[in-house]
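The next block holds one structure in the form of structure tokens; read it before the comments.
The values are calculated or read from the model by the stated rules, or taken from the named source; none is laboratory data. Keep in mind that this is a model prediction, so the values were computed, not measured. Counting neighbours? That spans all protein chains shown, and the Cβs are built from the backbone with ideal geometry, glycine included. For the accessible areas, the whole protein counts, side chains as well, though only heavy atoms, and no ligand, DNA or RNA atoms are used. Shrake-Rupley method; radii C 1.70, N 1.55, O 1.52, S 1.80 Å.
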There are 2 protein chains.
Amino acid sequence: MSLLVVGSVALDSVETPFGKADNVLGGSANFFSASASHFCPVRLVGVIGNDYPEHQLEPLKKRGVDFAGLERADGASFRWRGRYRHDLNSAETLETHLGVFSHFAPKIPDQFRRTPFVFLANIDPRLQMSVLDQVERPQLVACDTMNFWIESRRPDLLALFERVDMVLLNDGEARQLTEKTNLVHASRWILERGPKYVVIKKGEHGAFLFSRDSVFYAPAYPLESVFDPTGAGDSFAGGFIGYLARSGDLSEASMRRAVIYGSAMGSFAVEQFSIGRLLEVTREEIDARVRAFRQLTAFETELPELAESRT
Amino acid sequence: MSLLVVGSVALDSVETPFGKADNVLGGSANFFSASASHFCPVRLVGVIGNDYPEHQLEPLKKRGVDFAGLERADGASFRWRGRYRHDLNSAETLETHLGVFSHFAPKIPDQFRRTPFVFLANIDPRLQMSVLDQVERPQLVACDTMNFWIESRRPDLLALFERVDMVLLNDGEARQLTEKTNLVHASRWILERGPKYVVIKKGEHGAFLFSRDSVFYAPAYPLESVFDPTGAGDSFAGGFIGYLARSGDLSEASMRRAVIYGSAMGSFAVEQFSIGRLLEVTREEIDARVRAFRQLTAFETELPELAESRT
């Protein structure tokens with residue numbers, strides 16, 4: 001099954017302790033697509049300016065990403081410049097130029113309107129809502145968000161929550177949104193506002209998947225070399241929702257596997273600048289990392305598995 | 001099999017957003033013993049002053065903790081006063097009075113010298129070493145440490161590492177000691193200095209167990225109410241090494257289970273002030289939480305398990 005993503009198509013300039021890259025492919029929709037394309041066909045909706053190096057999108061097209069929804073607007077493309085210090089935990093934003101992205105109004109092409117899986121990457125919740133007004137009966141809608149929208153568009157965000165199946169956000173954003181320090185309480189607060197699932201991303205500390213009656217946790221893979229953390233969250237989302245779209249299976253068991261595939265793709269994304277590693281990683285490498293995740297957390301109890309503990 | 005712990009027997013005064021407790025049982029040896037006593041007989045070596053409320057140790061004695069190695073010295077007991085802010089992540093130390101603990105020189109009673117499992121809680125590495133000079137052929141020796149000793153007693157600590165099987169420390173301490181940000185690199189640095197196992201504790205983000213050829217990760221349990229984080233690390237150690245002492249099995253499978261039992265005991269410790277919850281928790285509750293940990297991280301892959309991924 002195919003998957004629609006609406007988000008940013010940007011140019012990043014990134015400096016890490018290991019090197020720097022200038023004007024490389026970035027933005028939530030690019031990272032998400034590069035990751036999800038390993039699982040299913042991807043349809044992208046976004047906007048670029050006259051200055052975007054479109055030929056650099058060719059590898060994504062070859063991987064099955066359909067750019068029929070990529071609008072070319074007159075002006076500059078979205079550019080972000082950031083730096084990571086030695087601990088790689090948080091990006092320091094040096095410059096943000098929204099360019100044509102500041103007037104972005106997503107237009108979903110006719111042939112994209114019946115896409116069964118939809119990911120609303122981190123954009124203005126009013127735009128995320130406008131996408132939902134243009135698509136027809138999707139099987140699963142997931143959205144991301146960020147601190148800026150939580151602060152400036154809170155009512156819109158909460159209205160959006162009533163119409164999505166799943167919310168992905170990081171731990172700091174979950175605490176900011178819900179005003180609850182405890183992530184169990186924070187997830188419940190969000191679940192009470194509509195979504196059936198909440199994914200709380202904790203960066204190098206892994207991710208939680210909460211539903212009304214279960215909780216699943218996947219660690220981040222303990223990599224020997226994290227090169228550039230940019231895009232890890234969107235690559236996680238791409239693997240996660242890409243896996244669900246491929247399987248078409250929304251059971252608890254499938255959701256758990258999907259989180260692991262998401263974590264695997266996030267772990268590849270940080271091994272190189274931009275989407276470099278996501279473009280070259282093979283199916284065998286992805287499967288091997290999923291097995292490594294299993295080895296990382298697997299343990300056998302000596303205890304009988306009780307029926308009541310299986311929820 | 002029995003288990004020897006050498007560490008502090010203190011009085012804590014703690015303030016959290018949920019309440020405060022004054023002069024309650026604290027110290028690494030108390031938390032460790034309360035936790036480990038659920039798995040095996042525990043032998044404690046420590047020191048208290050004239051002011052210690054000894055009757056409050058009765059519940060630990062009833063749980064099988066042998067206090068034959070508890071020295072009574074003339075002076076004040078070790079007292080710590082601390083406060084946790086809303087996020088509960090780090091303690092703010094308001095007062096530390098070492099009292100008789102500042103002259104502590106562990107004397108291992110004759111009947112304790114052949115204890116097969118030994119835990120050297122966080123004390124001066126020179127004292128930890130002196131314990132090793134007094135015990136005979138233990139099957140497993142584990143030690144904890146802290147930033148203060150890493151800074152002030154580095155050569156002693158590294159000499160100690162050559163004589164222990166396992167080091168437990170938190171992520172900040174691992175980075176400080178090894179000057180490596182990446183925890184995979186940090187663990188390797190420590191493993192190269194003697195220990196066969198390194199446990200890196202990440203508080204609310206779980207714990208890693210590294211050996212030369214494997215890595216295991218256990219999350220912290222996503223509790224709805226963390227009441228007081230004091231002693232979580234020592235309670236983890238008590239469950240971890242207590243489980244190993246009970247099973248006498250140091251295989252990879254057993255070590256992994258032990259980490260989960262440690263994580264379970266750490267999760268109980270934080271549910272009340274002091275060792276309150278550790279004294280009352282039942283075998284059934286411990287087993288139920290171990291099952292809950294399994295539910296928290298369990299997933300089935302659709303992939304065949306390859307032999308090479310089993311290392």
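If you take the beta carbon distance between A:ALA105 and A:LEU250 as r and set R0 to 35 Å, what does 1/(1 + (r/R0)^6) give as a FRET efficiency, to the nearest 0.05? Using R0 = 35 Å, I get an efficiency of 0.70. Here the ratio of the Cα radius of gyration of the protein assembly as shown to 2.2 N^0.38 Å is 1.04.
Judged by the gyration tensor of its Cα atoms, with axes a ≥ b ≥ c, the range B:100-171 is oblate; a/c meets the 1.5 cut and b/c is at least as large as a/b.
Among beta bridges identified by DSSP and lying wholly in the range A:40-150, the antiparallel ones come to about 40 percent. Projecting 7 Å from Cα along the Cα-to-Cβ direction, the label point of A:GLU300 sits 1.7 nm from its equivalents in the other copies, listed shortest first. Loop-located GluC sites (Glu not before Pro) in the range A:199-278 (DSSP state other than H, G, I, E, B) with a sparse environment of at most 12 neighbouring Cβ atoms within 10 Å: A:GLU224. The mean count of C-beta atoms from other chains within 10 Å of the C-beta of residues in B:82-91, rounded to a whole number, is 1.
The relative contact order of the range B:1-116, computed from alpha carbon pairs under 8 Å that lie at least 6 residues apart in sequence, is 30 percent. When both bridge partners sit in the protein assembly as shown, DSSP labels roughly 40% of those beta bridges antiparallel. Comparing A:THR178, A:THR16, A:THR96 in a Gaussian network model of chain A where C-alpha atoms under 10 Å apart are linked, the largest mean-square fluctuation is found at A:THR96. For the range A:95-139, the extents of the C-alpha atoms along the principal axes are 38, 17, 14 Å, listed from largest to smallest.
Name the shape class, rounded, prolate or oblate, that the alpha-carbon gyration tensor gives for the range B:126-275, where a ≥ b ≥ c are the square roots of its eigenvalues, rounded holds for a/c under 1.5, and otherwise prolate holds if a/b is larger than b/c and oblate otherwise. It is rounded, given that a/c, with a ≥ b ≥ c, falls under 1.5.
Burial here means at least 10 square angstrom less accessible surface with every protein chain in place than with the chain by itself, probed at 1.4 Å; in the range B:270-301 the buried residues are B:ASP287, B:VAL290, B:ARG291, B:ARG294, B:GLN295, B:LEU296, B:THR297, B:ALA298, B:PHE299, B:GLU300, B:THR301. Here chain B exposes an accessible surface that is 49 percent carbon and sulfur, computed with a 1.4 Å probe and the other protein chains kept in place. Residues in chain A average 39 Å² of solvent-accessible surface per residue, probe 1.4 Å, ligands and nucleic acids excluded.
Normalised by 2.2 N^0.38 Å, with N the number of residues, the alpha-carbon radius of gyration of the range B:1-41 equals 1.40. Label-point spacing at A:GLU179 relative to the other copies reads 4.7 nm, in ascending order, each point sitting 7 Å out from Cα along Cα→Cβ.
Under the criterion of Cα pairs below 8 Å and six or more residues apart, the relative contact order for chain B equals 18 percent.
Peptide B:245-255 shows a mean partner chain C-beta count of 1 within 10 Å per residue C-beta.
Give me log10 I(q)/I(0) at q = 0.08, 0.10, 0.12 Å⁻¹ for chain B, Debye formula, one equal scatterer per alpha-carbon, no solvent. Debye curve over Cα of chain B, log10 I(q)/I(0) at q = 0.08, 0.10, 0.12 Å⁻¹: -0.32, -0.51, -0.76.
Given R0 = 60 Å, the distance between the Cβ atoms of A:ASP133 and B:ARG126 translates into a calculated FRET efficiency of 0.25. The mean number of partner chain beta-carbon atoms within 10 angstrom of a residue's beta-carbon across peptide B:210-219 is 4. Here is how far apart the A:MET146 label points are across copies: 4.0 nm, shortest first, using a point 7 Å from Cα toward Cβ. Start at zero, step by 5 Å, and the Cα-Cα distances of the range A:191-297 spread as 2, 13, 23, 27, 19, 9, 5, 2, 0 percent across the bins.
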